[in-house]
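Below is one structure; the comments refer to it alone.
The numbers here are math on the coordinates, done by the rules we state, and not lab data. Fair warning: this is a prediction, and the values are worked out from it, not measured in the lab. All Cβ positions, glycine included, derive from the backbone under ideal geometry; neighbour counts span all protein chains shown.
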Amino acid sequence: MALPEHLHRLLYRIAQAYYLQDLTQQEIAQRFGLSRSKVSRLLDQARREGVISIVLEPPPSGAPHLENRLERRYGLDEAIIVTVTDPDNLLNTARELAPAAASYLLRCVRGREVIATAGGNFLRAMVDALPARSFPGVTVVQMVGGIGPSSAPEHSTELARRLSQKLEARLVLLPAPGLVASSELARALRTDAQIENVLTLAANADIALVGIGLLTPESALLYHGTVDQLDTLNRAGAVGNIAYRCIDAEGKPLRTEFDERIVGLTLEQLAAIPRVVAIAGGRPKHQVIGAALKSGVINVLITDEGTAEALLRGRGAATL
């Protein structure tokens, strides 16, 4: 049924004022002698009746289409896809994903958040790309103890420190190694009052920043380990790790003696954080990224186009 001419005219004038003249709803209400709530209802009606037709122009890359498919496939709140030049080179991939990751983080920060962070090269690249800002009400907390050489720029302690400096935010460090010699020692450390308080703060963070790691002899996770430990984890079905917690190809956490020796958040604690942002990409990581998405822990993924296409083809479970 055609709209009455007087109603069509009113809907058109309201839409014209809002979309073409950039008036606020309150200004429109004053101009036309309406309440603000009435203006809002008229705009909704104009959309329903086809008086307003919104056309979205996607960027030339076509990435938003991939992003939407990836979000629906894995139940993500948001996927951000970047074109990279060499997906086989993980360090270059990390550097090329970093500006998008830094931009995303700044978009999410309002000024009172607690940001929990792990370690790794992809997070390091994001911190490198992050412009200086001032958020004195923000807290950056280390979610897992330091693993690997403490002088390494991707070490979790160093990354938390540098992230807090970039944001001019409060810093809370976890005063413990990330991986210790025995499960008994790890339990004793986790029950230390200071360490327990830091882990509790991290578990209640608003945002968590994580990498998705491979299990290789060069992995920071195995810095104090041996090739035998790597073989043991591989035999147990490990394909990689999220914030140093090992997962299998279906994203399930591996309850091993190795896992019991970690001082840091568990995957269950991580999954309870409202916004868990993973920065990961590159062809060698297709399998572990696919597993991480199946875990249900990640709700925001920043990755490359080739990885997104592989995940949508179901190749996240392919052999590395």
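Considering only beta bridges that DSSP places wholly inside the chain, some 25 percent are antiparallel. Taking amide H atoms as placed 1.01 Å from N in the peptide plane, the amide H of Ile80 lies under 5 Å from those of Leu301, Ile302, Thr303, each 5 or more residues away in sequence or on another chain. All other residues whose Cβ lies under 14 angstrom from that of Lys252 are scored, Lys and Arg at +1 and Asp and Glu at -1, for a net of -1.
For segment 228-282, the C-alpha radius of gyration sits at 1.17 times the compact-globule guess of 2.2 N^0.38 Å, with N the residue count. Largest GNM mean-square fluctuation across Ala79, Ala116, Ala102, computed for the chain with C-alpha springs under 10 Å, falls on Ala102.
Candidate cross-link partners of Lys285 among the lysines, defined by an alpha-carbon separation under 29 Å and a same-chain spacing of 8 or more, comprise Lys166, Lys252, Lys294. Rounded, prolate or oblate: pick one for segment 5-48, where a ≥ b ≥ c are the square roots of the eigenvalues of its C-alpha gyration tensor, a/c under 1.5 means rounded, and failing that, prolate if a/b is larger than b/c, else oblate. The shape class here is rounded. Under the rule a/c < 1.5 gives rounded, and otherwise a/b versus b/c splits prolate from oblate, where does segment 63-317 land using the Cα gyration tensor? Note, shape of segment 63-317 comes out oblate.
Between the C-alpha center of segment 226-257 and that of segment 158-184 there is a gap of 23 Å. Per-residue Karplus couplings for segment 260-273, computed as 6.51 cos²θ - 1.76 cosθ + 1.60 with θ equal to phi - 60°, are listed in order as 5, 8, 8, 9, x, 5, 7, 5, 5, 5, 4, 5, 7, 6 Hz, Gly and Pro entered as x. Ignoring the sites themselves, the chain has its longest run without trypsin sites (Lys or Arg not before Pro) in a DSSP loop having at most 12 other Cβ atoms within 10 Å at 113-254.
Taking a ≥ b ≥ c as the square roots of the eigenvalues of the Cα gyration tensor, segment 15-136 is prolate, since a/c reaches 1.5 or more and a/b is larger than b/c. 3J(HN,Hα) along segment 275-285, derived from phi through the Karplus expression 6.51 cos²θ - 1.76 cosθ + 1.60 where θ = phi - 60°, amounts to 10, 9, 9, 9, 10, 6, x, x, 4, x, 9 Hz, with x in place of Gly and Pro.
Among the DSSP helices (H) of the chain, those spanning at least 20 angstrom by Cα along their long axis with an average Kyte-Doolittle hydropathy of 0.5 or more are 90-108; this is a geometric and hydropathy rule only.
Here's how it looks for Val276: its modeled amide H is under 5 Å from those of Ala208, Asn299, Val300, which are all 5 or more places away or on a different chain. I want to verify a result. In a Gaussian network model of the chain, Cα cutoff 10 Å, which of these has the top mean-square fluctuation: Ile298, Ile52, Ile247? Checking each option, the largest mean-square fluctuation is seen for Ile52.
Annotation: amide H-H contacts under 5 Å for Ala169 (H modelled 1.01 Å from N, sequence separation of 5 or more, or interchain): Phe135.
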